[in-house]
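Undergrad: Sending over a structure as structure tokens; questions will come in a sec.
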Amino acid sequence: MRYISTRGQAPALSFEEVVLTGMASDGGLYVPETIPALGHDELAAMAGLSYAEIAFRVMQPYVNGEIDDDTFRGIVEEAYATFSHDAVVPLNQLDANHFLLELFHGPTLAFKDVALQLLGRILDHFLQKRGERAVIMGATSGDTGSAAIEGCRHCDNLDIFILHPHNRVSEVQRRQMTTVLADNVFNVAIEGNFDDAQAMVKASFADQGFLDGTRLVAVNSINWARIMAQVVYYVASAVALGAPHRAVSFCVPSANFGNVFAGYIAKRMGLPVEQFIIATNANDILHRTLAANDFSKQELKATLAPSMDIVVSSNFERLLFEAYGRDGDAVRALLERFQHEPTALADAPLARLRESFASHSVDDATILEVIREAHHRTQEILDPHTATGYRAAERARADATTPVITLATAHPAKFAEAVVKAGFPGVPLPPHMDDLLEREERYTVLPAELSAVQAFVAENRR
Ligand SMILES: *Cc1c(COP(=O)(O)O)cnc(C)c1O
């Protein structure tokens, strides 16, 4: 198995290289050259297996023997032992045919833990083998930073620097990052906004001279290993509901499209999926593209579901590559045009997408209404991201007899603002986190100056 770029001009890479590389040198994203098949019998044999065992079986072909089976099994077991629920990602039945897949039982209470608990360990394994060290840099306005820190805190060969805008993330989100006191974890509060922090991270990737040759690694959702890890819960949940003998549909609260793209890969591997429903908040580029063929950027809107606030869905490029018949030149031309002006997909690729995907967009007022309505009907308090999914599943499902699984991407305690606005007293943090507000914090405040940030990273990396 090799990995190729969606823009057709970068060299093909091994699994190890693709995990360490991030974006391709031609500006594209890496995808597997062939998608491995999960046959009917292999799926049937997964019934009743542990999540870690299903994870091992689903991911093993992508790892391509580059980590030996026993070691990889150990990595997978360790990654998912950090989850507080024995099922790792339990299904919760809401009504006769609508299920929630609870992806929020990891260390930071959001679905990004599923991928980042694994990615940190895989990176550490490859670096150890090579006798190298690496630095991770990222900017965060919330979820990704804490999940990356939790995924890397035990990694001997990695130092992680996460920049957040000073005084502009919620206290719970800041504390999830700053109370991790490991020697290799560095939180930097930038005296500026999220865009300032992100611009400094981008500039550091573009010119890595300040690190004297140490590798800089990205753990954002363009890293293939994150997609690979997410394929697993589509398979595990569908099997739990009767696949391969019965098809299911999925509804996915979406932003950068990494999560739902993983579902699409599961389908391409052989999982019987009738429909994917993409839920967006008011930042609705995915919905506009699918429903109206309006593939254009619009200004960022701050919503009650902040982890879905995006202008561009970076992983959508991976789906476009498939829709355009893996024509890297066509994808490159489309995305170069998209950078500068509103554009549209060609008819045939759009028709192909509409065979598998439906979409629905949910504004802030509706998010509050859905949190109340879902509670009234099911006694569940949904987080605002999951609320977009709950509504989209009901509005956009093609067939009420096929079970629909809505992905619950965050725990409601993490997004108390929306829950309180919806009229509830708030949701307590789970027991293993209930002293979060008393824990010791450690972070460094720096001006929004590239030279100051790079000097800090260069001095503190081990
Ligand atoms: C990141 C995130 C999303 C969006 O996932 P994508 O893979 O970017 O589409 C949705 N909900 C929550 C809570 C998130 O943290």
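Where a number appears in this text, it was derived from the coordinates with a stated rule and is not lab data. Predicted, not measured: the structure shown is a model, and the values here were computed from it. Ideal geometry is used to build each Cβ from the backbone, glycine not excepted, and the neighbour counts take in all protein chains shown.
Undergrad: Quick one: dipole size for the chain, taken about the Cα centre, charges +1 on Lys/Arg Cβ and -1 on Asp/Glu Cβ, in debye to the nearest 20.
TA: That gives the chain a dipole magnitude of about 560 debye.
Undergrad: With all pairs of different alpha carbon atoms counted, what Kirkwood hydrodynamic radius in Å does segment 140-284 show?
TA: Value: 17.6 Å, from the Cα pair sum.
Undergrad: Once Lys and Arg get +1 and Asp and Glu get -1 on their Cβ, which of 425, 277, 114 lies farthest toward the positive end of the dipole of the chain?
TA: My answer, from the dipole projection, is 277.
Undergrad: Once phi is turned into θ = phi - 60°, what whole-Hz ³J(HN,Hα) does the Karplus curve with 6.51, -1.76 and 1.60 give for every residue of segment 206-217, x standing for Gly and Pro?
TA: 3J(HN,Hα) across segment 206-217, in whole Hz: 5, 9, 8, x, 5, 9, 6, x, 5, 6, 9, 10.
Undergrad: Continuing with the same structure: About the Cα centre of segment 85-236, how large is the charge dipole given +1 on each Lys and Arg Cβ and -1 on each Asp and Glu Cβ? Please answer in debye to the nearest 20.
TA: In total the dipole reaches around 260 debye.
Undergrad: Let me ask something else about it. Taking the number of other C-beta atoms within 10 Å as the exposure measure, put 91, 29 in order starting with the fewest.
TA: 91, 29
Undergrad: Something else: Would you calculate, for the chain, the mean residue ellipticity at 222 nm contributed by helices, counting each DSSP H stretch of 4 or more residues as -39,500 (n - 2.57) and dividing by all residues, to the nearest 500?
TA: Theoretical 222 nm ellipticity from helices: -13000 deg cm²/dmol.
Undergrad: So, with +1 on the Cβ of K and R and -1 on the Cβ of D and E, and no other charges, what is the size of the charge dipole of segment 29-130 about its Cα centre, to the nearest 20 debye?
TA: 300 debye
Undergrad: So what's segment 308-462 giving for Rg/Rh, alpha carbon basis, Kirkwood Rh from the mean inverse pair distance?
TA: Rounded to two decimals, Rg over Rh is 1.08.
Undergrad: While we're on this one: Where both partners of a DSSP beta bridge lie in the chain, what percent of those bridges are antiparallel, to the nearest 5?
TA: 20 percent
Undergrad: Which value, in nm² and rounded to one decimal, describes the direction-averaged projected area of the C-alpha convex hull of segment 256-377?
TA: 8.3 nm²
Undergrad: Right, here's the next one. Which whole-number percentage describes the relative contact order of segment 1-82, with Cα contacts under 8 Å and a sequence gap of 6 or more?
TA: Relative contact order, segment 1-82: 27 percent.
Undergrad: Based on alpha-carbon positions alone, could you give the equivalent ellipsoid semi-axes of the chain from the gyration tensor, as √(5λ), descending, whole Å?
TA: The answer is 30, 26, 24 Å, longest axis first.
Undergrad: Right, next: Provide 166, 154 in ascending order of the number of other Cβ atoms located within 10 Å of each residue's Cβ, fewest first.
TA: Going from least to most buried by this count: 154, 166.
Undergrad: Here's another thing I want to ask about it. For segment 208-295, what class follows from the C-alpha gyration tensor (a ≥ b ≥ c being the square roots of its eigenvalues): rounded when a/c is under 1.5, otherwise prolate if a/b is larger than b/c, else oblate?
TA: Oblate shape, in that a/c is at least 1.5 and b/c is the bigger or equal ratio.
Undergrad: Right, here's the next one. In Å and from the alpha-carbon atoms only, list the Rg and Dmax of segment 259-309.
TA: Rg and Dmax of segment 259-309, Cα atoms, are 13.3, 38 Å.
Undergrad: With a/c under 1.5 counting as rounded, go ahead and sort segment 367-423 into rounded, prolate or oblate using the C-alpha gyration tensor (a ≥ b ≥ c being the square roots of the eigenvalues; past the cut-off, prolate if a/b is larger than b/c, else oblate).
TA: Prolate, since a/c reaches 1.5 and a/b exceeds b/c.
Undergrad: Taking 8 Å as the Cα distance limit and 6 or more residues as the minimum spacing, I'd like the relative contact order of segment 228-354 as a percentage.
TA: RCO, segment 228-354: 23 percent.
Undergrad: Can you spot the aspartates and glutamates whose alpha carbon is less than 15 Å from residue 301's alpha carbon? Ignore those fewer than 8 places along the same chain.
TA: Answer for residue 301, where 15 Å is the Cα cut-off: 195, 284, 309, 363, 364, listed by chain and number.
Undergrad: Could you work out the Kirkwood radius for segment 1-103, taking every pair of different alpha carbons, averaging 1/r and inverting it, reported in Å?
TA: By the Kirkwood definition, the hydrodynamic radius is 16.1 Å.
Undergrad: Let me ask another. Which distance in Å, rounded to a whole number, links the C-alpha centroids of segment 383-440 and segment 64-130?
TA: Distance between centres, Cα-based: 20 Å.
Undergrad: For segment 1-68, with the dipole built from +1 on Lys and Arg beta-carbon atoms and -1 on Asp and Glu ones, taken about the Cα centre, which of 23, 55, 38 lies farthest toward the positive end?
TA: Going by the charge dipole, the pick is 23.
Undergrad: What's the exposure ranking of 112, 301, going from fewest to most Cβ atoms within 10 Å?
TA: 301, 112
Undergrad: Let me ask another. Just want to confirm a number: the relative contact order over segment 57-172, from Cα pairs under 8 angstrom separated by 6+ residues, in percent.
TA: 20 percent
Undergrad: Could you tell me which of rounded, prolate or oblate describes segment 94-191, using a ≥ b ≥ c as the square roots of the eigenvalues of the alpha-carbon gyration tensor, with rounded for a/c under 1.5 and, failing that, prolate when a/b is larger than b/c and oblate otherwise?
TA: oblate
Undergrad: Positive end of the charge dipole of segment 297-351 (Lys, Arg +1 and Asp, Glu -1 on Cβ, about the Cα centre): tell me which of 320, 344, 300 has its Cα farthest that way.
TA: Highest projection toward the positive end goes to 300.
Undergrad: In terms of Cα to Cα distance under 22 Å, which lysines are near enough to residue 267, apart from those fewer than 8 places away along the same chain?
TA: Leaving aside lysines fewer than 8 places away in the same chain, those within reach of residue 267 are 112.
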